[in-house]
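The values are calculated or read from the model by the stated rules, or taken from the named source; none is laboratory data. Note that the structure is a prediction, hence the values are computed from the model and not measured. FYI the Cβ positions are ideal-geometry reconstructions off the backbone, even for glycines, and counts take in every protein chain you see. When the accessible area is computed, the model is the full protein with side chains, heavy atoms only, and any ligands, DNA or RNA have been set aside. Shrake-Rupley method; radii C 1.70, N 1.55, O 1.52, S 1.80 Å.
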Amino acid sequence: MGFVLLASSGCKKFIDVNTDPNNAVDGTEATILPPVEIAIADEMYGGNAAFIVQNFMQTTAINQPLPQIGNYLEINSDLDGDWGVYYNTVLINLKIINTKAVADGKLNYAAISQILSALALGNATDLWGDIPYSQALQGTANLSPVYDKQEDIYKDIQTLLDKGIADINAGTTTVRGSDDFFYTGDMSKWNMLAYSLKARYYMHLTKAPGYTAAAQAQLALAALTNAMQSSDDDLEYIFPGAAGQTNPWYNNFNQVSTAVISSDFVDTLVTRNDPRLSKMVSPSTETGLYTGREIGDAAAGDLESYSYPSSYYMGIGAGVYMMSYSETLFLKAEATYIVSGYAAAQSIYQSAVTAHMTKVGVAAADITTYLNSRGTLTAANAEQRIIEEKFISNYLNLEIFNDWRRTGYPTMVKVPNALSDIPRRVLYPEAEITTNPQPQQSAILTDRVWWDAK
């Protein structure tokens, strides 16, 4: 059959074909969206920058001699790949999807692209501070975009989310389940995600210059009325686990990387008799004990003597959790505390803890015992307790870095043999400094981003 088709097509026509079907130069909304979603889950939430943040937040330790990222050794070129993921893989392709979707009248695809763009922008600006956006993503039309102020980026984030919500309300195009790895085309869940993200980014500004905690909390509470309603609404991606489709945290915690769980994280769960210990942490294969490695320890130990994340987080076919129902409840608890006081926040705080514990498989009786052991919120401990529990719930998520910077919880001190104080950002990438020099690129690890006010 192939011979007949070739012969009948004519020799000249066959020779003139100069298109490689395996390397398309264009695509549809439906073909571009799936790989972008995978890049967000795999490389944004499980990639290099995400791993670096876990070291800063003392959940992860590298079993290698010093200096290394565990005692805050970072160079600009370490972030080259991450910057490329955000701009060259995610944001530019989301812009292409949006442009095509608007032109084609496929507003639900446009909505998804805008919501994910807000998420990517939020992560990028929280990592680096000022970043290019208003003049960026134009290809060769502008190879030197200026950096926008972080405050302006935050306004863009809310605008994108509002546009996404509006497009969902106006959209009629069906997004096929196979095109959308996150929500299989369920636009009601995308709508809830957009409102949940609005609340997240409102609460990031509780201590930003020119903003008040009360006003941001009110905005967050208004958004949360339309946010996630159960853990079924979580923004997550479960990796298939086949070759080339493995959970990134399975790759991050391996014999080559020598990454293990830190003693800070393990000991916190042990000290509190937290029933999530066995759900979140695997005991040492050598001793059968829950043992973390001290970050900053100059001596390398036996990898088999340390604990690793459980299969729930580290399994080859496990999920990456980008935003959860439990996070929305913690946001609501914190906002309620700010607006109405600790007593009003108590039941919401407990519901947030319960949501995460239930998701990882803790029995109801054990949840009750733990909540009783943690006591009730007070004026003195409310913010600390809410953020401490949110820290556990958001294990391996970028949000723990944002919460620590804006609240100071959980309480941490710099590691032994630290090269600086605890970092409050990541460095601008060397590739960007070389090709698009900007004044902001002189920032060092301990410099604060705009909203991280003292």
Would you check if residue 258 is polar (S, T, N, Q) and within 23 Å of the chain's Cα centre (by Cα)? yes
Residue 186 vs (1) in contact with a strand residue (DSSP E or B) (Cβ under 8 Å, 6 or more places away or on another chain); (2) free of Cβ contacts under 8 Å to residues at least 60 places away in the same chain: all pass except (1)
Quick check: anything in the range 278-295 closer than 30 Å to residue 380 by Cα, touching a His at 6+ places or on another chain (Cβ under 8 Å) and of a type outside the set (D, E, K, R)? no
Residue pairs qualifying under the 7 Å Cβ cut-off, at least six apart or on distinct chains, with the first in the range 339-354 being more than 21 Å from residue 230 (Cβ to Cβ) and the second being among the small types (Gly, Ala, Ser), are 339/214; 339/217; 342/379; 342/382
Practice task
Determine whether the range 60-75 contains at least one residue that is more than 21 Å from residue 253 (Cβ to Cβ), assigned to a helix (DSSP H, G or I) and either more than 16 Å from the chain's Cα centre (by Cα) or at pLDDT below 95 (or both).
Solution key: no
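Which of the following residues is without any contact (Cβ under 8 Å) to a residue 12 or more places away in the chain and either hydroxyl-bearing (Ser, Thr, Tyr) or in contact with a Leu (Cβ under 6 Å, 6 or more places away or on another chain) (or both): 358, 368, 376? Walk me through how you get there before you give the answer.
On the way: 358 fails: without any contact (Cβ under 8 Å) to a residue 12 or more places away in the chain; 376 fails: without any contact (Cβ under 8 Å) to a residue 12 or more places away in the chain.
Residue meeting the stated conditions: 368.
For the range 271-306, give me the residue count where each residue is of a type outside the set (Gly, Ala, Ser) and in a strand (DSSP E or B).
In the first step, residues of the range 271-306 are kept if they are of a type outside the set (Gly, Ala, Ser); the result is 271-277, 279-281, 283, 285-287, 289-291, 293-295, 297, 302-304, 306.
Still in the list and also in a strand (DSSP E or B): 281, 293.
Total satisfying the criteria: 2.
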The lone condition residue 147 fails out of (1) touching a helix residue (DSSP H, G or I) at 6+ places or on another chain (Cβ under 6 Å); (2) open to solvent by 30 Å² or more (accessible area, probe 1.4 Å); (3) farther than 25 Å from residue 41 by Cα is (2)
Here the residues within the range 74-105 that are charged (D, E, K, R) and under 30 Å from residue 166 (Cβ atoms) are 95, 100, 104
The residue from 354, 358 that alone is at pLDDT 95 or above and out of contact with any helix residue (DSSP H, G or I) (no Cβ under 6 Å at 6 or more places or on another chain) is 358
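Being touching a residue at least 12 places away in the same chain (Cβ under 8 Å), under 24 Å from residue 151 (Cβ atoms), basic (Lys, Arg) and open to solvent by 10 Å² or more (accessible area, probe 1.4 Å) is the requirement here; does residue 95 meet it?
yes
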Checked against (1) in contact with a strand residue (DSSP E or B) (Cβ under 7 Å, 6 or more places away or on another chain); (2) closer than 15 Å to residue 92 by Cα; (3) open to solvent by 20 Å² or more (accessible area, probe 1.4 Å), residue 181 satisfies every condition except (2)
Exactly one of 270, 281 is open to solvent by less than 10 Å² (accessible area, probe 1.4 Å), under 23 Å from residue 387 (Cα atoms) and of a type in the set (A, V, I, L, M), and that residue is 281
Note on residue 236: of the conditions (1) open to solvent by 10 Å² or more (accessible area, probe 1.4 Å); (2) over 22 Å from residue 47 (Cα atoms); (3) outside any loop (DSSP other than H, G, I, E, B), unmet is (2)
Restricted to the range 330-357 and to residues being open to solvent by less than 20 Å² (accessible area, probe 1.4 Å), of a type in the set (A, V, I, L, M) and within 28 Å of residue 237 (Cβ to Cβ), the residue nearest to the chain's Cα centre (by Cα) is 331
